[in-house]
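Here is the structure we will look at, set down as structure tokens.
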């Protein structure tokens, strides 16, 4: 299915939920809608599905205008954060329901295959009320996958699952999407999930479409600071700096030299550094900044170290478990080659990896 949104806008009363936007989804590919809560992801999905009619603009499916056509007259599958299952039907019958409507013959094997992928095969004989919330969410997801619709809309479908299961299912789903025939739209607040799913990413903020393109390209070259904020977890570090005589000067940091710094306009800029590009020990990097530890958060296999420095609070993502006391002196090391440079209007002026991109570096 080729889905195209042309000048779509959505207003509710005096509030604008979606600012005018144009978006054409790639056929049989995954498009991730990335943004924080209330960025406009669900509003956009509801317009795509036909649950809501846009205030302005058109929704086109394979070149046909379907604006205002209700969801029941569209061949789509949708899964919300709030799972919806048929309460009087077993898990097996819930998953099999779209297969029976199509008159499919291999119902038993198809239901078993999907149930194994989502780790719910042991619950096939139960009713939804006998399951936990996370298990019910997986049943709703399984039914949507069984429908094999040309357009599948998934609104944060894994948000109610525990951490380990989310990690496992992300990988399984990315493989299933790659092998399927559906155009998939997947909403998430997590940049890591967008990177794992690959495909294409549309970054949304306050109802505005900020950037759309291949996921890795959007990650590597965010067109603005707003996109960089949305596509960084933990948040990208931003430092005020000055461009002068072909170098970047920033308080408390030795001069940063970029291969193409001479091409940057002289004057104030903002330097962006991803937390994973800051390290606690020098590994040949050319820049460093010292400060005091404010907080050290251990999360999974990484530690997020927050430090008060002459350029403000910086966050470093350090592999493994790293113990720090409040007020400890600390030095962050980084390479100027990893720096993003944004102009006074917050637009991207320079991104790293321009030479490394073809070699698959992040």
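The values are calculated or read from the model by the stated rules, or taken from the named source; none is laboratory data. Keep in mind it's a predicted model, so treat the numbers as computed, not measured. Positions of Cβ are generated from backbone atoms using ideal geometry, with glycine treated the same way; all protein chains shown enter the neighbour counts.
On the stretch given as segment 234-246, residues that are crowded, with 17+ Cβ neighbours inside 10 Å and either closer than 19 Å to residue 313 by Cβ or modelled with pLDDT under 85 (or both) total 6. Evaluate the following for residue 195: is it over 12 Å from the mean Cα position of the chain (by Cα), outside any strand (DSSP E or B) and in contact (Cβ under 8 Å) with a residue 12 or more places away in the chain? So residue 195 does not fit the description; no.
Tell me, please, whether a residue that is under 24 Å from residue 181 (Cα atoms), in a helix (DSSP H, G or I) and modelled with pLDDT under 90 can be found in segment 96-113. For segment 96-113, residues under 24 Å from residue 181 (Cα atoms), in a helix (DSSP H, G or I) and modelled with pLDDT under 90: present.
Scanning segment 304-344 for residues that are modelled with pLDDT under 90 and either in contact with a helix residue (DSSP H, G or I) (Cβ under 7 Å, 6 or more places away or on another chain) or closer than 25 Å to residue 224 by Cα (or both) yields 336, 337. Residues in segment 23-39 that are in contact (Cβ under 8 Å) with a residue 60 or more places away in the chain and either part of a strand (DSSP E or B) or more than 22 Å from residue 217 (Cα to Cα) (or both): how many? Within segment 23-39, residues that are in contact (Cβ under 8 Å) with a residue 60 or more places away in the chain and either part of a strand (DSSP E or B) or more than 22 Å from residue 217 (Cα to Cα) (or both) number 8. Does segment 67-98 hold any residues that are touching a helix residue (DSSP H, G or I) at 6+ places or on another chain (Cβ under 8 Å) and farther than 23 Å from residue 174 by Cβ, and which are they? Selection gives 71, 74, 84, 85, 86, 87, 89, 91, 92, 94, 96, 97. The listed residues are 78, 48, and the only one of them that is within 18 Å of residue 6 (Cβ to Cβ), surrounded by 17 or more Cβ atoms within 10 Å (Cβ to Cβ), in contact (Cβ under 8 Å) with a residue 24 or more places away in the chain and assigned by TED's automatic domain parsing to the domain that holds residue 181 turns out to be 48.
For the subset of segment 318-329 comprising residues that are in a strand (DSSP E or B) and surrounded by fewer than 19 Cβ atoms within 10 Å (Cβ to Cβ), which member is nearest to the chain's Cα centre (by Cα)? Before the answer, list the steps.
If we filter segment 318-329 for residues that are in a strand (DSSP E or B), which is where we start, we get 318-319, 329.
When the remaining residues are screened for being surrounded by fewer than 19 Cβ atoms within 10 Å (Cβ to Cβ), the result is 319, 329.
Values: 319: 22, 329: 34 Å.
Filtering segment 318-329 for residues that are in a strand (DSSP E or B) and surrounded by fewer than 19 Cβ atoms within 10 Å (Cβ to Cβ), the one nearest to the chain's Cα centre (by Cα) comes out as 319.
Does residue 203 satisfy being buried (at least 16 other Cβ atoms within 10 Å of the Cβ), part of a helix (DSSP H, G or I) and in contact with a helix residue (DSSP H, G or I) (Cβ under 8 Å, 6 or more places away or on another chain)? Give the derivation first.
Numbers: buried (at least 16 other Cβ atoms within 10 Å of the Cβ): yes; part of a helix (DSSP H, G or I): no; in contact with a helix residue (DSSP H, G or I) (Cβ under 8 Å, 6 or more places away or on another chain): yes.
It is false that residue 203 is buried (at least 16 other Cβ atoms within 10 Å of the Cβ), part of a helix (DSSP H, G or I) and in contact with a helix residue (DSSP H, G or I) (Cβ under 8 Å, 6 or more places away or on another chain).
Scanning segment 271-303 for residues that are part of a strand (DSSP E or B), in contact with a helix residue (DSSP H, G or I) (Cβ under 8 Å, 6 or more places away or on another chain) and at pLDDT 95 or above turns up 272, 273. Close Cβ contacts (under 9 Å, 6 or more residues apart or on different chains) running from residues in segment 281-303 that are within 20 Å of residue 247 (Cα to Cα) to residues that are at pLDDT 90 or above and in a loop (DSSP other than H, G, I, E, B) comprise 284/335; 285/335; 286/335; 287/335; 287/339; 289/278; 289/310; 289/311.
Take segment 23-45 and flag every residue that is out of contact with any strand residue (DSSP E or B) (no Cβ under 8 Å at 6 or more places or on another chain) and at pLDDT 95 or above.
If the condition is that a residue be out of contact with any strand residue (DSSP E or B) (no Cβ under 8 Å at 6 or more places or on another chain) and at pLDDT 95 or above, then no residue fits.
Looking across 141, 153, one residue alone is in contact with a strand residue (DSSP E or B) (Cβ under 8 Å, 6 or more places away or on another chain), assigned by TED's automatic domain parsing to the domain that holds residue 182, in a strand (DSSP E or B) and touching a residue at least 40 places away in the same chain (Cβ under 8 Å). It is 153. The lone criterion from (1) modelled with pLDDT of 90 or more; (2) closer than 26 Å to residue 300 by Cβ; (3) not in a strand (DSSP E or B) left unmet by residue 122 is number (2). Please find, within segment 1-22, the residue that is farthest from residue 206 (Cα to Cα) out of those that are in a loop (DSSP other than H, G, I, E, B) and touching a strand residue (DSSP E or B) at 6+ places or on another chain (Cβ under 9 Å). Of everything passing the filter in segment 1-22, 1 is farthest from residue 206 (Cα to Cα).
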